[in-house]
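The values are calculated or read from the model by the stated rules, or taken from the named source; none is laboratory data. Predicted model only: the values in this text are computed from it and were never measured. So basically every Cβ, Gly included, is an ideal-geometry build from the backbone, and we count neighbours across all protein chains shown.
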Amino acid sequence: MKNKIILLTLIIAMGLTGCSSEKKETDVTEAVPSQTSAVSESAADTTAVSETEKENSVSEETTTEEIKNQRVHIDFEEIRFEEYNNKGCELPAICALLHYYGIEAAPSDIYEHLTFVTKDTLSEDLFWKAWYDSLLTGYAPVIEEAADKMLIERKSEKTIESFIGEDLNYLLEDCVKNGEPIMVWATYKLVEPKYETDDWYNMTEYEFTHDNYCYVITGYDENIIEAYEPYSGKIEEYDRELFEQRYNDMFRQAIVIKVDNNENKADTTVISEEETKKENHIDFEEIRFEEYNNKGCELPAICALLHYHGIDMTPSEFYQYVPASSVNTPAEDILWKTWDTSSCYAPVIDIALEGVWVDKETNGKKVYLKMDCELEEILSEYTANNIPAMIWGTINLNKPEFRTDYAGDGAEFEYTNDAQCYIITGYDENIIEAYEPYSGKIEEYDRELFEQRYNDMFRQAIIIN
């Protein structure tokens, strides 16, 4: 296995070659030089310029600016692996990348070829040379080795190559632009990674984080990274600057698949900014609340919705209005009338908003609690009329698993750790566009699956209008 630990200074000094041994030109690479050349020649001409020449120069400059804002996009299939879906994001991510090149593999196929941590593993080799099954994770060299073993068994001509320490912009230009998606390590929902320290068998310490997460980059423009998210199986959009920061936080790890020719490599296309907009789209600000960000998605979600309506509150300020559960709370009121640990349902948010409306200037707005309401009604009556709706679904649109617990009086109640709030900001025939409170980003979801999870979570919504 080729375990390349590459220092950035060494990368620059060595002048490493690109990801693709056979460069494949795209519309972007063909268009930019010709337009830039035309503008440069026009600017260099210091003689008198005719009106026609001036018009041509303006047209050429405009075209160059349009090209700059266009997005490089790989036609990457949205595929979701139910098997092993919550047992390590690395497994479905590498399988999706292999699928792109026509290699069908299940996460269990990769898992069978992993090198696992044992008590004899050196602490410095944890994650880097062996899969840590208790934490359900391994870094790029571990995945490279496992996938390579599988490909060798199958007598495939394709090979896996990992990069450690490589600049993300270099990989975008040299791989993605040439039709090669790249699997990278960042963090879940792009949160800032929190590292913990533990002791290993040889009495040395090691650091780890539960926040690491894999993506497959399928496109980009000046401001956005487009990437496959393995748990949902969807292509989603992320802020480019924040994505790069989290990629850097996770040691700049990447995996590409090498091919001997351009077979099984799709063309990259160029998408204009206008083409990326939904048929029904609300201009909703992407805002992220660091405070309370992992202590209940309801809080940042409702604060983002309030912000849209010109009412600014922090999650901790809103929390003061939330009725909390106690040992005396009846089982039937937990989640439905009181906040329990880090979650609640729409009626609790409605109760809290009553208090907010007493204390805050709300510009004549009203709150509407919607229970057992069809999603189609939410979309047609509110989203289509530029009114965002806060709804309850599940994390990554996973199927919710309900558990039983006991209230202070010994009565049973059901709950799930899978609940998550979203704010619907747009839709078309196949897609729901929604604000995701942990990342603070607007993301896209399969409409049918989104509606199913909305139904699973009791068809709840909060509207402010």
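Being basic (Lys, Arg) and free of Cβ contacts under 8 Å to residues at least 40 places away in the same chain is the filter here, so list the residues in the stretch 144-197 that pass it. I'd like the intermediate steps shown before the answer.
Filtering the stretch 144-197 for residues basic (Lys, Arg) gives 149, 154-155, 158, 177, 189, 194.
If the condition is that a residue be basic (Lys, Arg) and free of Cβ contacts under 8 Å to residues at least 40 places away in the same chain, then LYS149, LYS155, LYS194 are the ones that fit.
Quick one: which residue in GLU291, GLU332 is in contact with a Pro (Cβ under 7 Å, 6 or more places away or on another chain) and of a type in the set (Asp, Glu)?
Working: GLU332 fails: in contact with a Pro (Cβ under 7 Å, 6 or more places away or on another chain).
Answer to the check: GLU291.
Just the residues that are of a type in the set (Gly, Ala, Ser) and within 12 Å of ALA407 (Cβ to Cβ), please, taken from the stretch 320-344. Reasoning before the result, please.
Step one: list which residues in the stretch 320-344 are of a type in the set (Gly, Ala, Ser), which gives 324-326, 331, 342-343.
Hits for the stretch 320-344 are SER325, SER326, ALA331.
Testing ILE255 on (1) closer than 22 Å to LEU397 by Cβ; (2) surrounded by 23 or more Cβ atoms within 10 Å (Cβ to Cβ); (3) in contact with a Ser or Thr (Cβ under 9 Å, 6 or more places away or on another chain), one condition comes back false. Which one is that?
Of everything listed in (1) closer than 22 Å to LEU397 by Cβ; (2) surrounded by 23 or more Cβ atoms within 10 Å (Cβ to Cβ); (3) in contact with a Ser or Thr (Cβ under 9 Å, 6 or more places away or on another chain), ILE255 misses just condition (1).
Only one of these is buried (at least 16 other Cβ atoms within 10 Å of the Cβ) and in a loop (DSSP other than H, G, I, E, B): TYR454, TYR438. Name it. Quick ask: steps written out before the conclusion?
Details: TYR454 fails: in a loop (DSSP other than H, G, I, E, B).
The match here is TYR438.
Of all residues in the stretch 148-201, how many are touching a helix residue (DSSP H, G or I) at 6+ places or on another chain (Cβ under 8 Å) and small (Gly, Ala, Ser)?
Total satisfying the criteria: 3.
I need a count of the residues in the stretch 318-330 that are over 16 Å from SER342 (Cβ atoms) and either among the basic types (Lys, Arg) or buried (at least 16 other Cβ atoms within 10 Å of the Cβ) (or both).
Count: 1.
Does VAL356 satisfy being at pLDDT 95 or above, within 30 Å of the chain's Cα centre (by Cα) and surrounded by 15 or more Cβ atoms within 10 Å (Cβ to Cβ)? Quick ask: steps written out before the conclusion?
On the way: at pLDDT 95 or above: yes; within 30 Å of the chain's Cα centre (by Cα): no; surrounded by 15 or more Cβ atoms within 10 Å (Cβ to Cβ): yes.
Here the answer is no, as VAL356 does not meet what is asked.
Taking the stretch 93-135 as the search range and keeping residues that are surrounded by fewer than 16 Cβ atoms within 10 Å (Cβ to Cβ) and aliphatic (A, V, I, L, M), which one is nearest to GLU153 (Cα to Cα)?
ALA106
Looking only at the stretch 357-415, how many residues end up being within 19 Å of THR338 (Cα to Cα) and polar (S, T, N, Q)?
Count: 1.
Kindly provide the set of residues from the stretch 161-177 that are in a helix (DSSP H, G or I) and in contact with a strand residue (DSSP E or B) (Cβ under 7 Å, 6 or more places away or on another chain), ordered by number.
Kept after step one, since they are in a helix (DSSP H, G or I), are these residues of the stretch 161-177: 168-174, 176-177.
Selection gives LEU171, LEU172, VAL176, LYS177.
Return only the number of the condition from (1) modelled with pLDDT of 65 or more; (2) in contact with a Gly (Cβ under 6 Å, 6 or more places away or on another chain) that LYS278 does not satisfy.
Exception for LYS278: condition (1).
Within the stretch 172-229, how many residues turn out to be of a type in the set (Ser, Thr, Tyr) and modelled with pLDDT under 90?
Total satisfying the criteria: 6.
Test of understanding: among PHE127, PHE116, PHE76, PHE81, which residue is free of Cβ contacts under 8 Å to residues at least 24 places away in the same chain, out of contact with any His (no Cβ under 6 Å at 6 or more places or on another chain) and of a type in the set (A, V, I, L, M, F, W, C)?
Values: PHE127 fails: free of Cβ contacts under 8 Å to residues at least 24 places away in the same chain; PHE76 fails: free of Cβ contacts under 8 Å to residues at least 24 places away in the same chain; PHE81 fails: free of Cβ contacts under 8 Å to residues at least 24 places away in the same chain.
Step by step, each of PHE127, PHE116, PHE76, PHE81 is checked, and only PHE116 is free of Cβ contacts under 8 Å to residues at least 24 places away in the same chain, out of contact with any His (no Cβ under 6 Å at 6 or more places or on another chain) and of a type in the set (A, V, I, L, M, F, W, C).
Where in the stretch 357-433 are the strands (runs of 3 or more DSSP E), entirely inside, with at least 1 residues that are without any contact (Cβ under 8 Å) to a residue 60 or more places away in the chain and basic (Lys, Arg)? Spell out how you get there, then give the answer.
Details: elements: 367-371, 389-394, 402-406, 412-416, 419-427.
In the stretch 357-433, the matching strands (runs of 3 or more DSSP E) lie at 402-406.
Residues in the stretch 397-404: is at least one surrounded by fewer than 23 Cβ atoms within 10 Å (Cβ to Cβ), in contact with a strand residue (DSSP E or B) (Cβ under 8 Å, 6 or more places away or on another chain) and among the aliphatic types (A, V, I, L, M)?
To start, the set of residues in the stretch 397-404 that are surrounded by fewer than 23 Cβ atoms within 10 Å (Cβ to Cβ) comprises 398-404.
Filter once more, so that each one left must be in contact with a strand residue (DSSP E or B) (Cβ under 8 Å, 6 or more places away or on another chain): 400-404.
Okay, now just the ones that are also among the aliphatic types (A, V, I, L, M), so none.
So far as the stretch 397-404 goes, no, none of its residues is surrounded by fewer than 23 Cβ atoms within 10 Å (Cβ to Cβ), in contact with a strand residue (DSSP E or B) (Cβ under 8 Å, 6 or more places away or on another chain) and among the aliphatic types (A, V, I, L, M).
Here's the yes/no breakdown for (1) in the same structural domain as GLU236 (by TED's automatic domain parsing); (2) closer than 19 Å to CYS95 by Cβ; (3) among the aliphatic types (A, V, I, L, M); (4) touching a Pro at 6+ places or on another chain (Cβ under 6 Å):
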| residue | (1), (2), (3), (4) |
| --- | --- |
| ALA146 | yes, yes, yes, no |
| LYS149 | yes, yes, no, no |
| SER156 | yes, yes, no, no |
| SER162 | yes, yes, no, yes |
| ASP174 | yes, no, no, no |
| LYS177 | yes, no, no, no |
| TRP185 | yes, yes, no, no |
| TYR188 | yes, yes, no, no |
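State all residues of the stretch 136-156 that are buried (at least 19 other Cβ atoms within 10 Å of the Cβ) and among the charged types (D, E, K, R); if no residue qualifies, say none.
Result: GLU144, GLU145, ASP148.
Okay, residues lined up against (1) of a type in the set (Val, Ile, Thr); (2) modelled with pLDDT under 95; (3) assigned by TED's automatic domain parsing to the domain that holds PHE163; (4) assigned to a helix (DSSP H, G or I):
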residue	(1), (2), (3), (4)
LYS54	no, yes, no, yes
PHE81	no, yes, yes, no
ASN85	no, yes, yes, no
SER108	no, yes, yes, yes
ASP120	no, yes, yes, no
LEU135	no, yes, yes, no
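Taking the stretch 92-146 as the region of interest, how many residues are among the aromatic types (Phe, Trp, Tyr) and more than 21 Å from GLU205 (Cα to Cα)?
Just the residues of the stretch 92-146 that are among the aromatic types (Phe, Trp, Tyr), to begin with: 100-101, 111, 116, 127-128, 131-132, 139.
If we keep only those that are more than 21 Å from GLU205 (Cα to Cα) as well, we get 100-101, 111.
Summing the residues that are among the aromatic types (Phe, Trp, Tyr) and more than 21 Å from GLU205 (Cα to Cα) in the stretch 92-146 gives 3.
Specify the residue that is farthest from the chain's Cα centre (by Cα); the eligible residues are those in the stretch 179-218 that are aromatic (Phe, Trp, Tyr) and assigned to a strand (DSSP E or B). Show your work before the answer.
Step one: filter the stretch 179-218 for residues aromatic (Phe, Trp, Tyr), giving 185, 188, 195, 200-201, 206, 208, 213, 215.
If we keep only those that are assigned to a strand (DSSP E or B) as well, we get 185, 195, 206, 208, 213, 215.
Values: TRP185: 12, TYR195: 21, TYR206: 28, PHE208: 21, TYR213: 9, TYR215: 8 Å.
Looking at the filtered set, the residue picked out is TYR206.
Within the stretch 295-308, identify whether any single residue is part of a loop (DSSP other than H, G, I, E, B) and among the β-branched types (Val, Ile, Thr), and answer yes or no.
Looking only at the stretch 295-308, we keep the residues that are part of a loop (DSSP other than H, G, I, E, B), and these are 295-297.
Next, only the ones that are among the β-branched types (Val, Ile, Thr) stay: none.
The answer is no, given that none of the residues of the stretch 295-308 is part of a loop (DSSP other than H, G, I, E, B) and among the β-branched types (Val, Ile, Thr).
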